[in-house]
Amino acid sequence: MSTVHRTCPLCEAVCGLTLTLDDGGHVTSVRGDRDDPFSKGFICPKGASLGRLDEDPDRLRKPLIRDGELWREATWDEAFTAVQRGLDQVSERHGRQSAGIYLGNPSAHSMAGALYATPLIKALGTRNVFSASTADQMPKHVASGLMFGHPLTIAVPDLDRTDYLLMLGANPLESNGSLCTAPDFPGRLKALRARGGRLVVVDPRRTRTASLADEHVFVRPGTDAYLLFGLVHTLFAEDLTRISHEVNGLDEVREAAKHFPPDVVARRTGVPAQVIVRLARELAAARTAAAYARIGTCTTEFGTLAQWLVDVLNVLTGNLDRPGGAMFPKGATEFGAGRRTYAVGRWTSRVRGLPEANGELPVATLADEIETPGDGQIRFLLTVAGNPVLSAPHGDRLDRAFAQLDFMVSVDPYLNETTRHAHVILPPPRVLQSGHFDFTLLGFAVRNYARYSPPLLPLDGRPSEAQILARLAMIASGLEGDLDAFVIDQMLRKAVDLPGSGVEGRDPAELRASLEGETGAERRLDLMLRLGPYGEWAGKGELSLRKLLDHPHGLDLGPLEPRLPEVLRTASGLIELAPPLLVEDVQRLRGRLEEEPPELVLIGRRHLRSNNSWLHNVGPLVGGSNTCTLQINPADVARLGLDGEAVVRSAKGELTVPLEPTDTIMPGVVSLPHGWGHAGSTQSVAAEHAGVSANALTDESAIDVPSGNAVFNGVPVTILPTAVITAH
Ligand SMILES: Nc1nc2c(c(=O)[nH]1)N[C@H]1C(S)=C(S)[C@@H](COP(=O)(O)OP(=O)(O)OC[C@H]3O[C@@H](n4cnc5c(=O)[nH]c(N)nc54)[C@H](O)[C@@H]3O)O[C@H]1N2
Ligand SMILES: Nc1nc2c(c(=O)[nH]1)N[C@H]1C(S)=C(S)[C@@H](COP(=O)(O)OP(=O)(O)OC[C@H]3O[C@@H](n4cnc5c(=O)[nH]c(N)nc54)[C@H](O)[C@@H]3O)O[C@H]1N2
Ligand code: SF4
Ligand SMILES: [Mo]
C-alpha cells in the first residue's frame, strides 16, 4: 500500500487528491487532499471515482486499426505507420489543406494538449483547425482579446473577497466552475454569504446555485446581452459610474447603451425593469462587486456581446482589477509578450466564410468543410480528446460526415460515437500513468497557485499522450529528431534575446543544460516555470520543477493582485471599452430587440456526476438524477397536453424524450443535458444509460457572429405528445 497525491484532471477546479494504491497499482481509496492549500480537502463524486475511471475495463489499452467494419488491435509501430500512410496518401492527392484537426475538452486539461497541440497544428500545416472552444468559451476569448489585447487575459471574480457577485449563466454547484478556477466553489459561495456578501444568479432555471443565492432572476434564454445593456444604461442614466482606469471608447459605450433602457429590454428578457434598475444600483453601491458570466451566456447568438458587457460593467463600477472585484490572475507559466493587435477574422472558412478566432475555425462549420467538394475540402481528420458527434451543434450531421472521410485518426481512450469512424485509434495511457500540470487553468484561478503531479505509475511500454502527439507532429512535419529539444531551444533563444526577460544575454546552452525533468514534457514545464512570473530565472521568485516536486500538495502563491496596466497588450496600451467589431455587432442586437421570441426554446444543463459525453461509463456516477430527461414547466406540460414522454422537434432533428416536469424552469423553456445518446460505442455502462443527444436538435447554422461560437441555448423547438405522433 502507498499513499500518493495528484491533481484531479476532470474539471477546472483542479482539486488536490490523496489516493491510496495497493501493491498492484490499483486505487483503493480517493480523498480530497487536506494539505492542498487551494482545495483544502474538497472533493466531488467525480474525483472520488477517479480510480474506477482509471481502471475502466472498456478503456483501450492498445491501438486499434479498422478495416471496413472490423477492428483489430495493433502494435504502436503498426498504428503510427498506418497514420503516416493515410496522411501521405491524402496530402499527395489533395494537398495539406485537406487535413483537419479537432481538439476536445480534455486536451485543455492535459499536459499533452497544452504542450503538443500547437506544434502538431503547425506540423499539419492546415487552416482547418477546430476545437471545443467554439462550442464553449470563444466569446470570452474574443471579448477579452479585443478589450485587453490578449485572448487569455481574462478577468475572474475575486470570489474570496467580493461583497457582491452577479452570476449569469453558470451553475458552479454542478459544474464546479469554469473560466474561474476555484476548488470548492460551493464553499466559497457560502463563505461569501456568511461574511455578509450578496449573490445574485441569473438563469432560466432555479439551479442549485440559484437556490443558494440571495436572489434568483429568471431570464429568457439568449437575452443576457439585453439585460446587461439595461444595467449599463442605468449606470449612465443615474450617473452611477466610477471608472478608475484610463479607457478608450467610453462615449461609444454610453451611446450604444442609450438604445437599451430597462423598460425596453424588460420585454425581451423577461426581467422586470425595476429589477434591472435595482441590480444596477446594487452593483454600483456595493463596496466591491464582480460580474461573472459563463457558458449559459457564451453559447448563445450574442455570446461575445454578453462577455464584453460583463467586463464593461466591471469597468464602469470601478471593480475591474481591484481586490473584491474582477481580477487578472498570474499563472505560474505565464510568459509576457509585447504589444500586438488582437484581431479575429484574419482568414475565413472556405464554405461559409466564417471568421477565424485564435487561429481556429468554428466547429459549427466542420461538417460543411468535410461535405463540400472543392479545393481545401477536409478528407483527413485527426481528433484528439473530442467527441463532436455528441458535443458539437447538429452532431448527427457530423456522424454522417465523418463516415465520408478518406482517413480519420483519433487519440482517445474509448471507442465511442466519434472514434468509431476512425481508421486508427491511439489510446493515451491510464490517468495514473500521466503527469499533470494545469498550464491554462491556473491562469484563471481565484488565488495564485501551482501544483505539479508526476506520473504515479510507470508506462509499461506504452507511449504517454505527450509522446503520441509528439510522434504525430513528427509524422506530419516529415522531420526527424526531438521535438521537445527543438521547442526548448526556440523558447530559450527568444528569452535570451528579449530585453528584461531575466535571462537576457545569457548562454542558451548553459540554461538548457541546467533544466531538470525525466521527460521532454517535464523539462519544458521546468523551463516555463523558471521563465514565468515566479520563476528563478525571469520572475520574482524561485519557482522551478524541483520546487514543485518538493511541494507535492501544491504551492500557494498568494491572493490576486492588481495588474493594470502591466497586463494590457492593446496597441493603445489602454482598455478598449468599445472595440469596433463589437460596437458593430450591437446593430445586430438592436435588430432583434423587437422580435417576437419563439414560443418554446431549448437550453442545456449539467449534472454534478457527469462530464460532457465521457463519464457515463462509470457505474457509480450514472443513474438517479443523472439521467437524460427534458425539464419542462408544469404549465407547459398542461398547455401542450403532455404526459410521460414527448417528441421534441427543431429545425434540425427530432427526439423522443422522457419529461421531467419541474417549476424550477421558466415556462416557455425546456432543458436537455448534452453528451448523451450513446450509440455505436463499446462503453458497456454508457450503453445501458444511452439517453438521447441534445445535439441532434441544435442548429449549426446559428452562431455568435463575432466569435463563430456555437449556439446551444435558445434553440427554437416544438413539443408534441407522443400519442399524436403515433396516431399519424
Ligand atoms: N448542447 C450542448 N452541447 C455542448 C455543450 C452544452 O452545454 N450543450 N457544452 C459544450 C462544451 S462546454 C464543451 S467543452 C464540449 C465538449 O466537447 P468535446 O471535447 O468534443 O466532448 P467530450 O464529451 O468532452 O469528449 C471528450 C473525449 O475525450 C476523451 N478523453 C477523455 N480523457 C482523455 C484523455 O486524457 N486524452 C484523450 N486523448 N482523450 C480523452 C473521451 O473519451 C471523449 O471521447 O461540448 C460542448 N457541447
Ligand atoms: N459536473 C459537470 N461539471 C462540468 C461539466 C460537466 O459536463 N459536468 N462540463 C465542464 C465544462 S466543459 C464546462 S465549459 C463547464 C461549464 O460550467 P458552467 O458555465 O457553470 O455550466 P452549467 O453548469 O451548464 O451552467 C450553465 C447555466 O446556464 C443556464 N443557462 C442556459 N441558457 C442561459 C441563458 O441564455 N442565459 C443565462 N443567464 N443562463 C442560461 C443553464 O440553465 C445552466 O444552469 O463545466 C465543466 N464542469
Ligand atoms: S470538483 Fe472537479 S477537480 Fe474537484 S474533484 Fe470534482 S471533478 Fe475533480
Ligand atoms: Mo466546456
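List of remarks:
- Ordering of 35-42, 302-309, 175-182, 156-163 by burial proxy (mean other Cβ atoms within 10 Å per residue, highest first): 302-309, 175-182, 156-163, 35-42
- Fraction of accessible area attributable to carbon and sulfur, the range 121-223 (%, probe 1.4 Å): 48
- Within the range 221-264, GluC sites (Glu not before Pro) in DSSP loop having at most 16 other beta-carbon neighbours inside 10 Å: 238, 246
- Every helix of 4 or more DSSP H residues in the chain counts as -39500 (n - 2.57), and over all residues that averages to -9000 deg cm²/dmol at 222 nm.
- Couplings 3J(HN,Hα) of the range 361-368, computed from phi: 9, x, 5, 5, 10, 4, 5, 4 Hz, in residue order, whole Hz [Karplus 6.51 cos²θ - 1.76 cosθ + 1.60, θ = phi - 60°; x for Gly and Pro].
- By average C-beta atoms within 10 angstrom, highest first, the peptides 584-595, 668-679: 668-679, 584-595
- Residue-wise HN-Hα coupling along the range 155-160, computed from phi with Karplus coefficients 6.51, -1.76, 1.60 (Hz; x: Gly, Pro): 7, 10, x, 7, 3, 7
- Summing charges over neighbours of residue 79, with a neighbour being any other residue whose Cβ is under 12 Å away from its Cβ, gives +3 when K and R count +1 and D and E count -1.
- Reducing the range 1-24 and the range 224-302 to their Cα centroids gives an inter-centroid distance of 43 Å.
- Bridge type composition, the chain - antiparallel percent by DSSP, nearest 5: 50
- Pairwise Lys count, the chain - Cα closer than 30 Å, eight or more residues apart or different chains: 26
- Bridge orientation summary for the range 595-727: considering DSSP beta bridges with both residues in this region, about 70 percent are antiparallel.
- Net +/- balance of residues flanking residue 597 in space, Cβ distance below 15 Å, scoring K and R +1, D and E -1: -3
- Largest to smallest accessible area among 94, 394 [probe 1.4 Å]: 94, 394
- Sequence ranges 64-70, 7-13, ranked by mean other-Cβ count within 10 angstrom, highest first: 7-13, 64-70
- Carbon and sulfur %, accessible surface of the range 392-472 computed with the full protein complex present, 1.4 Å: 50
- Multiplying the residue separation of residue 556 and residue 78 by 0.36 nm and subtracting their alpha-carbon distance yields 167.6 nm.
- Within the accessible area of the range 595-727 (1.4 Å probe), percent carbon and sulfur: 57
- A Cβ-based charge dipole, computed about the Cα centre of the range 595-727 with Lys and Arg at +1 and Asp and Glu at -1, lands at about 380 debye.
- Accessible area per residue in Å² at 1.4 Å probe, computed on the chain: 36
- Each Lys and Arg Cβ is given +1 and each Asp and Glu Cβ -1; about its Cα centre, the chain then shows a dipole of about 860 debye.
- Residue-count net charge about residue 478 - beta-carbon cut-off 14 Å; Lys, Arg +1, Asp, Glu -1: +1
The values are calculated or read from the model by the stated rules, or taken from the named source; none is laboratory data. Because the structure is predicted, anything quoted here is derived from the model rather than measured. Cβ: placed from backbone, ideal geometry, glycine included. Neighbour counts: every protein chain shown. Calculation scope for accessible area: heavy atoms of the full protein, side chains included, ligands and nucleic acids excluded. Shrake-Rupley method; radii C 1.70, N 1.55, O 1.52, S 1.80 Å.
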